[in-house]
1. State the Cα centre-to-centre distance between the stretch 111-178 and the stretch 1-50 in whole Å.
2. Among the trypsin sites (Lys or Arg not before Pro) in the stretch 434-485, which ones are in a DSSP loop with at most 11 other Cβ atoms within 10 Å of the Cβ? Mind listing them?
3. What does the accessible area per residue of the stretch 100-356 come to in Å², with a 1.4 Å probe and no ligands, DNA or RNA counted?
4. For every helix of n ≥ 4 consecutive DSSP H residues, a contribution of -39,500 (n - 2.57) applies; sum these over the chain, divide by its total residues, and give [θ] at 222 nm rounded to the nearest 500 deg cm²/dmol.
5. Could you tell me which GluC sites (Glu not before Pro) in the stretch 151-234 are loop residues by DSSP with no more than 15 other beta carbons within 10 angstrom of their beta carbon?
6. Please list 3J(HN,Hα) in residue order for the stretch 138-147, calculated via the Karplus relation 6.51 cos²θ - 1.76 cosθ + 1.60 where θ = phi - 60°; whole Hz, with x for glycine and proline.
7. Between ALA46 and LYS414, what length in nm is gained on full extension when 0.36 nm per residue of separation is reduced by their alpha carbon distance?
8. All other residues with a Cβ under 15 Å from the Cβ of ILE179 taken together, and with Lys, Arg as +1 and Asp, Glu as -1, what is their net charge?
Amino acid sequence: MDAAEFRKRGKEMVDYIADYLEKIDKRQVFPDVEPGYLRPLIPDSAPQDPESFEYVFKDIEKIIMPGVTHWHSPYFFAYFPAASSFPALLADMLCGGIGCVGFSWAASPACTELETVLLDWLGKMFNLPEEFLAGKDGQGGGVIQGSASEATLISLLAARTKTIRRVQSEKPELTEADIMGRLVAYASDQAHSSVERAALIGGVKIQNVSSDDKFTGFGSALRKVLDEDKASGLIPFFFCATLGTTPCCSFDRLLELGPICNKENIWMHIDAAYAGSAFICPEFRHLLNGVEFADSFNFNPHKWLLVNFDCSAMWVKKRSDLIGAFKLEPLYLQHHHQESGLVTDYRHWQIPLGRRFRSLKLWFVLRMYGVTGLQEHIRKHVRLSHQFEHLVLQDERFEICAEVVLGLVCFRLKGSNELNKALLKSITEAKKIHLVPCHLREKFVLRFAICSRTVESSHIKFAWQHISQLATDLLKTWEQNHQQQ
């Protein structure tokens, strides 16, 4: 393909993508395929000779689309949002076109410098404390990671290195292996599984801290488990607080947990993967109160801020903590500006060496929507979640299982877990909307997340009418079966 054909085919692809997104509500949200559907549709090996663009293009609808779950459909209410917007898509095209691998300032100065400035922009949008910003001479700063899972792992590994060095300075007789065997990380029992996975990769123990009746991590529960572990000779070193938990969007009490972590020399990382976007709205900023106690903070613009995947924003108070944990300087990566103090080499802030020019899509979105446009997007989703909550509360057969704060509603039929599993099965098999469940203590609960950029009140009404009718049918069958027994 030469440049002339690229121009032609590129325009065709843009038209295809625009049509796909404009008409996505006409597609079945959840695919009607079985595992292994794709292999019989394509050859066993790659073609020996080149194939035409037309030949490849026609297979998109034939082979790919039948197996796609349409995350941007207004009938997609599962997981959390996957952000997307036309400005972000255009910027991603430019990112791919430039094709730089920005592991250092010298590898592409604009790639590094735009990211540093934009993370300051983003932090200022929700009044992140000054210590987290790079500025012209700050000690902190931001970086775009691939996911919140990466940010948690990076924070844990940096905390591990920092703690090992501190303990060895206090007790030189202890080896690194001695200390590693005693390190313990902590998170609420509502924290995302990626925290446990980070501890697994980091080779350290992890303890769950009990949450309260609102599924919130709180100070006295952390203090209790810390005292027990310290009495056993263990070394607490890391706590992951969650703002907007995956099961029900609950918020750990930072103002209780933060001072404990600071007093005990425990690195506090805040995972606000979903909820963090809402903090740009003044009415939700109080949910971040206590961030001043944290060592690192992360949220995903690629969830709710109209920047498509991957774009996970992470800040640290002291970037030297990250660089000190990951810095290696082989000759082939060195450059003559690296010791100037004026540049950032992001390879020291992350697990992979290479990195995409991800800040371009954040730049396009922030400029083309503005803060007010992004705030309205958040507020619209929150209004729609309360609309759905209101519909549920009007039906005495159902119950709301957790406080609705942002764009997630946790609900269920009053009755057994088996009944609610049957309801979800009916919803999944109908394939008109898409939901996923969670467990809240002993209850099997359905999650209704407002996800699509294009979702409207009419889609919420349709979804509720659909769920309500399926519940009616299910309860009728359920009662008949129980009467027969």
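The values are calculated or read from the model by the stated rules, or taken from the named source; none is laboratory data. Remember, it's a predicted structure, so these values are computed and weren't measured experimentally. In this analysis, Cβ positions are derived from the backbone assuming ideal geometry, glycine residues included, and neighbour counts consider all displayed protein chains. Just the protein is used for accessible areas: all its heavy atoms, side chains included, with ligands, DNA and RNA removed. Shrake-Rupley method; radii C 1.70, N 1.55, O 1.52, S 1.80 Å.
1. Computed from Cα coordinates, the inter-centre distance equals 40 Å.
2. Values: sites: ARG441, LYS443, ARG447, ARG453, LYS461, LYS476; in loops: ARG441, ARG453.
When the trypsin sites (Lys or Arg not before Pro) of the stretch 434-485 are filtered for loop state and at most 11 Cβ neighbours within 10 Å, ARG441 remain.
3. 40 Å²
4. Working: 14 runs with 207 residues, N = 485.
Here the helix-only value at 222 nm equals -14000 deg cm²/dmol.
5. Numbers: sites: GLU170, GLU173, GLU176, GLU196, GLU228; in loops: GLU173.
Those that pass, being in a loop and sparsely packed, are GLU173.
6. For the stretch 138-147, the Karplus curve yields x, 8, x, x, x, 8, 9, 8, x, 7 Hz.
7. Details: separation 368, 0.36 × 368 = 132.48 nm, distance 5.34 nm.
Using 0.36 nm per residue and subtracting the Cα-Cα distance, I get 127.1 nm.
8. Working: positive: ARG160, LYS162, ARG165, ARG166, LYS171, ARG182, LYS205, LYS230; negative: GLU170, GLU173, GLU176, ASP178, ASP229.
Surrounding charge for ILE179 is +3.
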